[in-house]
Amino acid sequence: MRNHLNGFFFVLALLVGAAGGARAGEKPVLYWPYFNFPPYFITAPGAQPEGMGIDVARALQKEMPGYEHVFIHASPQRIAEELQTGREPFAVSGLLKTPEREGHILYADIPCRVTFTVMVVMRREDLWRLAPNGNASLAYLAADKGLTFGYVPGLSYDLARPFVARLISTAGGQRATTAHDVGHLLDMLAEKRIDWFVHDSLSIRYVLDARHMQERIAVVNAEECPPSPIFGYMACAWTEEGAAIMARINGAMARLVASNRLCETLRKWIPEQLDTVFERAYARRILTAAHLAADGGACCREETAHP
């Protein structure tokens with residue numbers, strides 16, 4: 001019943017947004033979904049969303065005056081469903097590429113997000129047991145049926161996916177628990193309702209700093225996922241309408257890169273200690289992709305596959 005009600009209110013919100021958009025200027029409505037995923041999307045009760053992804057979205061919206069742009073809060077799972085069905089025109093900011101998604105999702109030519117390899121999160125008191133050499137083995141953690149894994153449905157887990165996919169499906173008797181967002185995961189970890197999870201390294205650092213939980217929570221590299229930059233893209237459903245939207249997004253992204261506005265927007269959210277790594281990643285991937293797009297070539301392929 002709860003799922004049916006959630007779906008009803010979500011559709012109602014879309015209809016209200018569409019009606020408001022039509023009255024405002026008779027332009028087609030384009031929805032920009034977000035959820036709590038700091039620092040990419042930062043939400044708070046009664047406040048407007050902010051974050052790296054929101055800033056990128058607003059910059060793109062200024063370059064696309066032919067649409068009535070509407071931000072809408074939606075869970076990762078709901079966003080995945082809308083991209084799968086193409087029922088509503090969604091422009092999703094910062095989506096990682098995966099083989100499964102590329103079968104039904106259109107991605108922009110140029111990345112719009114720079115982040116870094118997922119890391120393993122656990123209680124600091126468990127470091128000696130789960131990461132005795134300072135790193136954690138995903139294979140070891142996933143095989144231990146005495147541990148409970150936490151995850152957010154709908155999120156991509158990048159190179160960690162082959163190790164956590166079985167946990168998410170709860171196959172083989174492994175224990176797993178779902179959460180709404182990373183803050184919920186941290187609460188469950190502190191309360192010993194889960195024992196570990198994996199998360200975007202930029203995001204987890206941001207949330208731990210905001211919550212002052214560094215003394216209780218440990219974040220370590222995964223042995224199977226060497227540290228490296230990861231890139232996210234604007235994405236739309238693979239439909240005729242989605243293709244038209246993506247054509248406009250590609251043009252807008254090219255203008256943001258050419259004017260250096262994209263670099264400035266992203267750098268604002270990168271910690272100072274990662275400045276050098278960010279600069280190299282931006283030059284190698286985003287500038288290269290922009291040059292290829294300007295020359296009419298296909299966007300460069302990811303250096304590492306994201307299972």
Does at least one position in the stretch 211-222 carry a residue that is within 23 Å of Trp32 (Cα to Cα), touching a strand residue (DSSP E or B) at 6+ places or on another chain (Cβ under 7 Å), open to solvent by less than 10 Å² (accessible area, probe 1.4 Å) and not hydroxyl-bearing (Ser, Thr, Tyr)? no
Residue hits (the stretch 185-201; more than 14 Å from Ala222 (Cα to Cα) and open to solvent by less than 10 Å² (accessible area, probe 1.4 Å)) are Leu185, Leu186, Met188, Leu189, Ile194
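A quick yes/no check of all residues on (1) in contact with a helix residue (DSSP H, G or I) (Cβ under 6 Å, 6 or more places away or on another chain); (2) in a helix (DSSP H, G or I); (3) open to solvent by less than 50 Å² (accessible area, probe 1.4 Å):
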| position | (1), (2), (3) |
| --- | --- |
| Met234 | yes, no, yes |
| Ala244 | no, yes, yes |
| Ala252 | yes, yes, yes |
| Glu264 | no, yes, no |
| Gln273 | no, yes, no |
Which of the residues belonging to the stretch 138-164 are without any contact (Cβ under 8 Å) to a residue 40 or more places away in the chain and either surrounded by 20 or more Cβ atoms within 10 Å (Cβ to Cβ) or not acidic (Asp, Glu) (or both)? Tyr140, Ala142, Ala143, Lys145, Gly146, Val164
In the stretch 169-220, which residue that is without any contact (Cβ under 8 Å) to a residue 12 or more places away in the chain and under 18 Å from Glu125 (Cα atoms) is nearest to the chain's Cα centre (by Cα)? Asp187
Go through (1) surrounded by 18 or more Cβ atoms within 10 Å (Cβ to Cβ); (2) in contact (Cβ under 8 Å) with a residue 60 or more places away in the chain; (3) not charged (D, E, K, R) and name the single condition Gln77 misses. (1)
Going by what's in this entry, would Ile230 be described as closer than 30 Å to Leu127 by Cβ, open to solvent by less than 10 Å² (accessible area, probe 1.4 Å) and modelled with pLDDT under 95? yes
Residues in the stretch 54-76 that are among the aromatic types (Phe, Trp, Tyr) and not in a strand (DSSP E or B): how many? 1
Select from the stretch 277-307 the residues that are of a type in the set (Ser, Thr, Tyr) and modelled with pLDDT of 90 or more and list them in ascending order. Tyr282, Thr288
For the stretch 74-129, name all the residues that are under 15 Å from Thr239 (Cβ atoms) and of a type in the set (Ser, Thr, Tyr). Thr85, Tyr107
Check Asp109, Asp126 and return the single one that is surrounded by fewer than 22 Cβ atoms within 10 Å (Cβ to Cβ), over 30 Å from Glu223 (Cβ atoms), modelled with pLDDT of 95 or more and not basic (Lys, Arg). Asp109
Which of the residues belonging to the stretch 226-250 are within 22 Å of the chain's Cα centre (by Cα) and of a type in the set (Gly, Ala, Ser)? Ser228, Gly232, Ala235, Ala237, Gly242, Ala243, Ala247
Just to be sure, is Tyr140 hydroxyl-bearing (Ser, Thr, Tyr) and within 29 Å of Arg87 (Cβ to Cβ)? no
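The values are calculated or read from the model by the stated rules, or taken from the named source; none is laboratory data. Remember, predicted model here, so these are calculated numbers, not experimental data. Cβ coordinates were reconstructed from backbone atoms using ideal geometry, including for glycine residues, and neighbour counts include every protein chain displayed. What goes into the accessible areas is simple: the full protein's heavy atoms, side chains included, and nothing from ligands, DNA or RNA. Shrake-Rupley method; radii C 1.70, N 1.55, O 1.52, S 1.80 Å.
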